[in-house]
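Values in this text are rule-based calculations from the coordinates and carry no lab data. This structure is a prediction, so every number in the text was calculated from the model and none was measured. Every residue, glycine as well, gets a Cβ built from its backbone with ideal geometry; the counts of neighbours run over all protein chains shown.
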Amino acid sequence: MSILFHHPGAYFDGKKSICSHCGIELGNALLSETPCTVRTAYYIQIDLDYDRYGDLSGCLLFIDVYNLVPHLRAAVMNEDSMECFDLEIDPDCEDELNEAMLAAVSEQGSISTSGHYSLTKPLLSRVSVLIKKGKIKRRV
Ligand SMILES: [Zn+2]
């Protein structure tokens, strides 16, 4: 499992992108394994076997809040941006997962503020289990 932290802004020093808040060198899409001095969302990459989980292996998981609803989403890194995609949650566990996502969002901010939120530890373990059970899949 690895975690990538979002940094709120960057400038280009001629060779690399530097965070304008904490001064560290950033990778693609303003992400780094080092957290910023400003509190921001982070993206969790869980280790999954590619043969079994295909697109979900190596993707970054996060909560995307819009229209007052939390959505579990995933992203893959392209050369210089993140390509996001929707996840389909089995109706059996939709309510439970929604509640867990709402709890995670209120720990970090508010459902009335749209944007990306991170998966908290308990939510991440629940999501990992559900992915492994085939209850969360990439929406096609
Ligand atoms: Zn920073």
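Overview of results
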| item | result |
| --- | --- |
| Theoretical FRET efficiency, 1/(1+(r/R0)^6), r = Cβ-Cβ of Thr37 and Ala103, R0 25 Å, to 0.05 | 0.45 |
| Exposed-loop-free span, longest in the chain, where GluC sites (Glu not before Pro) count as exposed if DSSP calls them loop and at most 12 other C-beta atoms lie within 10 Å | 80-140 |
| Cα-centred dipole magnitude for region 46-138, charges only on beta-carbon of K, R (+1) and D, E (-1), debye, nearest 20 | 240 debye |
| Neighbourhood charge, 9 Å Cβ-Cβ cut-off, centred on Arg138 and excluding it, Lys, Arg +1 and Asp, Glu -1 | -1 |
| P(r) tail fraction, the chain - alpha-carbon pairs more than 17 Å apart, % | 60 percent |
| The chain: Lys pairs at Cα distance under 30 angstrom, eight or more positions apart or on different chains | 4 |
| Angle between the chain longest axis and helix 121-132 axis [Cα atoms, degrees, rounded to 10] | 60 degrees |
| Tilt relative to the chain, helix 91-108 - C-alpha long axis, 0 to 90 degrees, to 10 | 30 degrees |
| Among Ala41, Ala75, Ala29: highest mean-square fluctuation, GNM of the chain, C-alpha pairs under 10 Å | Ala29 |
| Sparse-neighbourhood loop sites, trypsin sites (Lys or Arg not before Pro) in region 31-140 - DSSP loop, at most 16 other Cβ within 10 angstrom | Arg39, Lys133, Arg139 |
| Among Gly14, Gly54, Gly27, residue whose mean-square fluctuation peaks in a GNM of the chain (springs only between Cα atoms under 10 Å) | Gly14 |
